[in-house]
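Here's the structure we're looking at; comments come further down.
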Amino acid sequence: MAKQKSFYLDNAATTPVDPRVLQAMAPYFNEAFGNASSLHGKGNEAMVAVEASRAKIASFLGCSSENVYFTSGATESDNWAILGLTRAILRDNSGFKPHIIISAVEHEAVIEPVRRLVKDGLAESTYLKVDKNGLVSPEDLKKSIKANTVLVSVMLANNEIGSIQPLTKLAQVIAEANSSRKRRILFHTDATQAPAYVECNVKKLGVDLMSLSAHKIYGPKGVGALYVGSGIKLEPLVYGGGQQQGARSGTYNVAEIVGFGKAVEIVSDKKERSEDIKRIKELRDYLVKQVLVKVPRSSLNGSLKDRLPNNASFIFPGVEGESVVLMLSRHGICASTGSACSSGSLEPSHVLLAIGVPIEHAHGSLRLTLGRFTKKSDIEALLKHLPSTIEKLRQMSPLKN
Ligand SMILES: Cc1ncc(COP(=O)(O)O)c(C=O)c1O
């Protein structure tokens, strides 16, 4: 059977591995296969590679290598930042109930550990509302801070609508609050979607903890990192052999760590980065313009300002986003909805509801995300098939449209 040509427009879900990353990883599957914790030459060779990768990531974040811990991805990093900090505080302060502030548009990897802590009676939480463009207001953050607030977690860039949060302004609010407190409020950001497009220097952003993932930046799946500012105590999530100063046990995933480092090295290249951003943004702007013209009653979620250059998220009233994705898939087009399908029920996206999309429209969302390997022909394929797909589905739909 001939393989169907595919047009990949789902780079926020995952990116293809860059061939340069694959090439960098290859030796660590065979000739340099050592366990980085072994004392012999093979172990040393692997450890040198792990530390070189850590140094590349530290340089990208503007911190020291000792502040960078490898994890299995951003889900683990987010969980570790939230649970690790809360558990460390609870261990040292019996009877104290920590308060955590997060935005209403966080990824589930942030929402769920916070929900779990609250459910178990171990913490309190506040969700910061966002405006129609998905942005948190520094004023709201200021009003939400309480005497027992220990952590604020606001993502750098949103995975569904691409909005880029004003982190430096939020950091200023936290710094002001901290100037008159005994226990510092820490600032965590989930930067998973950001590194290819947005400055991730932890000092400039003013964050204490930052989660990253390799597979959103043309690296392999299953590896990520958590930046932990100096002097911050986190209880480990993973106990075992004591790797990474006992903070995160588990045999080093050497090949993937090397791939992550290479992926970061590539996004750190100023020339390639700015060329990529310019080209991707032009393609995205063309896509948005054309979709809004070609599909009647379509609208863009959020604004084009303060948004990742690769993200376009639409609402098409009168259709189910999942049906659009499946029909586009028949033409080889890979897209996604803004909504998550959880435990068999189709829940509309909490992000779209938070920006004020009516619940009946939130089901008709489509997210298109471009990347380093997106070509004009991918966009043209979508523009060829999307209008007729929406029209057909609207005709079939029992929804009022
Ligand atoms: C904003 C955000 N945070 C966390 C994650 C989870 O990352 P990982 O797949 O590395 O666990 C994702 C992945 O979709 C994401 O987009």
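Here is how the numbers come out for the structure above:
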quantity	calculated
Listed residue (Ala13, Asn311, Asn201) projecting farthest to the positive dipole end of the chain, Cβ model	Asn311
Two-decimal Rg/Rh across region 1-131, once Rg and the Kirkwood Rh are taken from alpha-carbon atoms	1.09
Full-stretch length increase - Thr168, Lys132 - with 0.36 nm per residue and alpha-carbon distance subtracted	10.9 nm
Proximal lysine pairs, region 209-310, alpha carbons under 21 Å, eight or more residues apart or interchain	17
For region 19-268: Kirkwood Rh in Å [reciprocal of mean 1/r, alpha carbons]	18.5
Cβ-based exposure ranking for Arg91, Arg372, Arg248, in which fewest neighbours within 10 Å come first	Arg91, Arg372, Arg248
For the chain, built as a Gaussian network whose Cα springs stay under 10 Å, the top-fluctuating residue of His188, His331, His215	His331
Gaussian network model of the chain, Cα within-10 Å springs - most flexible of Val48, Val150, Val291	Val48
About the Cα centre, charge dipole magnitude for the chain (Lys/Arg +1, Asp/Glu -1 at Cβ), debye	660
Label point distance in nm, Asn30-Ala175, each placed 7 Å from Cα along Cα→Cβ	5.2
Centre separation in Å (Cα based) which lies between region 194-250 and region 89-129	19
Contour excess over end-to-end distance, with Cα ends at Leu304 and Ile277 and 0.36 nm allotted per residue	8.3 nm
Under Karplus coefficients 6.51, -1.76 and 1.60, residue-wise ³J(HN,Hα) of region 298-304 in Hz, glycine/proline x	9, 9, 8, 7, x, 10, 7
For region 275-401, size of Cβ-based charge dipole, Lys and Arg +1, Asp and Glu -1, in debye	400
Computed E for Glu51/Lys233 - FRET, C-beta separation, R0 25 angstrom, nearest 0.05	0.60
Beta bridges per DSSP with both ends in the chain, % antiparallel, nearest 5	55
Residue-averaged [θ]222 nm for the chain, counting only DSSP H segments that reach four residues, each worth -39500 (n - 2.57)	-12000 deg cm²/dmol
Extension gain (nm, one decimal) between Arg183 and Phe96, 0.36 nm per residue minus Cα-Cα	30.1 nm
Under the span-like rule (Cα at least 27 Å along the axis, Kyte-Doolittle mean at least -1.0), DSSP H helices of the chain	41-61, 376-396
Spacing of the two label points (7 Å from each Cα toward its C-beta) at Arg297 and Lys270, in nm	5.0
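The numbers here are math on the coordinates, done by the rules we state, and not lab data. All of these numbers come straight from a predicted model, not from anything done at the bench. Here the Cβ is made from the backbone with ideal geometry for all residues, glycine too, and neighbour counts use every protein chain on show.
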